[in-house]
Amino acid sequence: MRPNRLLAMKHNLRVLVLPLLAIVLALSALLGGVGAVSADSKTPEATATAATNNAAADPHAAIVSQDSFPSASKCKACHTQIYDEWRSSSHAYAGISPMFHKFEQKITELAPTIGTFCVRCHMGAGTALGEDRADPMWKRSQIAREGVTCVSCHRVSQEYSKANGERFIEPSGIHGQVYGPFDGKGVEEAVNNPAKYKVASTPEGRGTKIHASAFKMEQISKSEFCVSCHQVNVNLGIKLEVVWDQYRSSPAKQQGVTCQDCHMGKVPGKAEGYATGAVAKMGKEVVNSNRKHANHAFYGPGYPIAHPGVFPHNENAEKWSMEDWLKFDYRAKWGSEEFESQISAGKLKVNFPPEWSDALDRASAWEVVQENLEGIEKKKQLRTKVMENGAKVDGPFFNSALKAGESLSFSYKITNTNSGHNLPSGSLGAQPELWLNVALIAPDGKRVWESGNVDSNGDFADQHSLDVIAGKLPFDDQLWSLQTKFLTTNVKGTEREMYLPVNFDLDQLPFLRPAGQPVTVLNHPPFVRMEQRSIPPLGTREAKFKVPSKYLTMPGKYKLAVRMRSRAEPIYFMRFVGATTDMERSMNEWMLNIHASTAEFQVKK
């Protein structure tokens, strides 16, 4: 058989949906691991139980359990700094995100054939365990809830590129081999000296449980390693993630700068080298004390809106179930000294759910929440830095006479200072939002004109704003936004902006399917295209504004205030997918303001 056919067959076998876990494991010797996609829809608890019950009949069955993919909590024992960075990262958030699950469920309702397309990136280990994508989070395994966890990258032994998330995590317990950017000399040193490092590389050993071997994986330090989940085509042919396409033609790529250099270096969003530190620390002993340290916070624009008892990842939070946490009112500060003293004094009366009737439990939970809020604050600071480092706003530049009774024309120049991808990048369509908010303040201190302001829900005043639609707020015809839009053909005669690449006018119950011809012929699927408004690497764009003369009636000193605003999701889209009120509130609380400035100028008579 020709080698290329053999490789193709092996890849196809890996992506087959196998009905029996025994078959998967029987093939694992040939295929090199369990695939990231499985059709077994049992819950992880049922899978683990079945594996135990069938162990006598099938010696492989016991291998497929939650222990096949160790939790980050186990890695924390030696890699404390990396764990602390990761625990509040967007990777750690990928599986727990309530917005992801609302969005994924809505997509599945519209296109029931989508299967594990989304969760195989967001919850790769859980998908490999055969967990049903429809299972609620509280029925999921811990490793699934960890999203892109340690094993999601460090148990990948083969190189992948544009695979739409179809890459495979090798199943094994904590002692299984791992893959990283370095050779395995450090691990070998610890394994050969278990008494010194107080470690155990076998189940029978005593000490901190560690992996028995480590191997160098060349691709893990290259941008190509990120492609399989950060360059994604949906089944219509629309590219939902386009970072790789933007990067491969960027100045950064030509200069040899990788994704990791900007997103894991010592300066968020800039390729200015890496910090150094110990690869691992076991008690007082360290391994490779001065090696390159890649920051596992994975700097980016994303942010969490989950309950802070659920995220960031925290071992101490596992004392309570996810269902318990969702009943814990952290906004009311349950468990805090201030709150509990008011309860004790009878100043407050709360009908606590049974799970939180004990004051000591509430106090312990509040400590977890406080610790997690500190982790979230660190993430917020890193997010602000990476956004500030990726853009620049110059201006204002006046293009008209500064006279009372005349209109005012001015502009700002926005520069994408990132050499690796567009501003903004990542997911397109409904997200992300990046826009300018500009306001004119008259000599009497009153704000007389504004563009980029938001409505009562938090959306800016475009055609999707519920307040604009209801006539409560005027349409902002000067809005300057970099949000990419899906454009669908309207059966009534024109294209219109949509928040999904779905034309509801043509089919109210759409069955999404690829076009009959290659999308490269039209450069987009029939009836659907994307209008990209983002700024290419190191590119600039002018934001022009014109204030009508009726707002400049008095001479004197005026002020122009500008800020760039960023948010992951518009509220109208959150409501479309069925988000809760608390999710909306959290999304708006995380709205980011960067590059704020105020310019004063004199308007003459």
**Prompt:** Right, Ala439: under 22 Å from Phe397 (Cα atoms) and not hydroxyl-bearing (Ser, Thr, Tyr) or not?
**Reply:** yes
**Message:** Here's a check for you: in the range 97-115, which residue that is in contact with a helix residue (DSSP H, G or I) (Cβ under 8 Å, 6 or more places away or on another chain) and hydroxyl-bearing (Ser, Thr, Tyr) is surrounded by the most Cβ atoms within 10 Å (Cβ to Cβ)?
**Reply:** Ser97
**Asked** Of these, Ser400, Ser344, which one is out of contact with any Ser or Thr (no Cβ under 9 Å at 6 or more places or on another chain) and not charged (D, E, K, R)?
**Response** Ser344
**Asked** Out of Glu542, Glu495, which single residue is over 30 Å from Pro443 (Cα atoms) and open to solvent by 30 Å² or more (accessible area, probe 1.4 Å)?
**Response** Glu495
**Evaluation of Lys605 against (1) basic (Lys, Arg); (2) open to solvent by 80 Å² or more (accessible area, probe 1.4 Å); (3) in contact with a Leu (Cβ under 9 Å, 6 or more places away or on another chain) (one fails), failing number** = (3)
**Request:** Might you let me know whether the range 571-591 holds any residue that is without any contact (Cβ under 8 Å) to a residue 60 or more places away in the chain and either farther than 30 Å from Arg383 by Cα or open to solvent by less than 30 Å² (accessible area, probe 1.4 Å) (or both)?
**Result:** no
**Request:** Test Cys118 against the stated conditions and say whether it is more than 23 Å from Val234 (Cβ to Cβ) and open to solvent by less than 40 Å² (accessible area, probe 1.4 Å).
**Result:** no
**Message:** If a residue must be open to solvent by 70 Å² or more (accessible area, probe 1.4 Å) and of a type outside the set (Gly, Ala, Ser), how many such residues does the range 592-602 contain?
**Reply:** 3
**Item:** Selection status of Ala561, within 26 Å of Glu433 (Cα to Cα), in a strand (DSSP E or B) and open to solvent by 70 Å² or more (accessible area, probe 1.4 Å)
**Value:** no
**Request:** Please tell me if Leu482 is under 30 Å from Glu600 (Cβ atoms) and at pLDDT below 95.
**Result:** yes
**Prompt:** Within the range 263-279, how many residues are among the small types (Gly, Ala, Ser) and touching a helix residue (DSSP H, G or I) at 6+ places or on another chain (Cβ under 7 Å)?
**Reply:** 3
**Complete:** By my count, strands (runs of 3 or more DSSP E) wholly in the range 333-450 with at least 2 residues that are surrounded by fewer than 17 Cβ atoms within 10 Å (Cβ to Cβ) and in contact (Cβ under 8 Å) with a residue 40 or more places away in the chain are 391-398, 408-416
**Prompt:** Which residue pairs have Cβ atoms under 6 Å apart, sit 6 or more places apart or on different chains, and have a first residue in the range 288-301 that is farther than 13 Å from Gln381 by Cα and a second that is β-branched (Val, Ile, Thr)?
**Reply:** Asn288/Val279; Asn290/Thr276; Arg291/Val279; His293/Thr276; His296/Ile82
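Answer yes or no as to whether Asp467 is free of Cβ contacts under 8 Å to residues at least 40 places away in the same chain, within 24 Å of Asn422 (Cα to Cα) and not aliphatic (A, V, I, L, M). Step through it out loud before you land on a result.
On the way: free of Cβ contacts under 8 Å to residues at least 40 places away in the same chain: yes; within 24 Å of Asn422 (Cα to Cα): no; not aliphatic (A, V, I, L, M): yes.
Judged against the criteria, Asp467 is not a match.
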**Asked** Can you tell me which residues in the range 461-492 are over 27 Å from Tyr412 (Cα atoms) and either open to solvent by 30 Å² or more (accessible area, probe 1.4 Å) or outside any loop (DSSP other than H, G, I, E, B) (or both)?
**Response** Leu466, Asp467, Ile469, Ala470, Gly471, Lys472, Leu487, Thr488, Thr489, Val491, Lys492
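The values are calculated or read from the model by the stated rules, or taken from the named source; none is laboratory data. In this text, all values refer to a predicted model and were calculated from it rather than measured experimentally. Virtual Cβ from ideal backbone geometry, glycine too; neighbours counted across all protein chains shown. The protein model used for the area step is the full one, side chains on, heavy atoms only, and it has no ligands, DNA or RNA in it. Shrake-Rupley method; radii C 1.70, N 1.55, O 1.52, S 1.80 Å.
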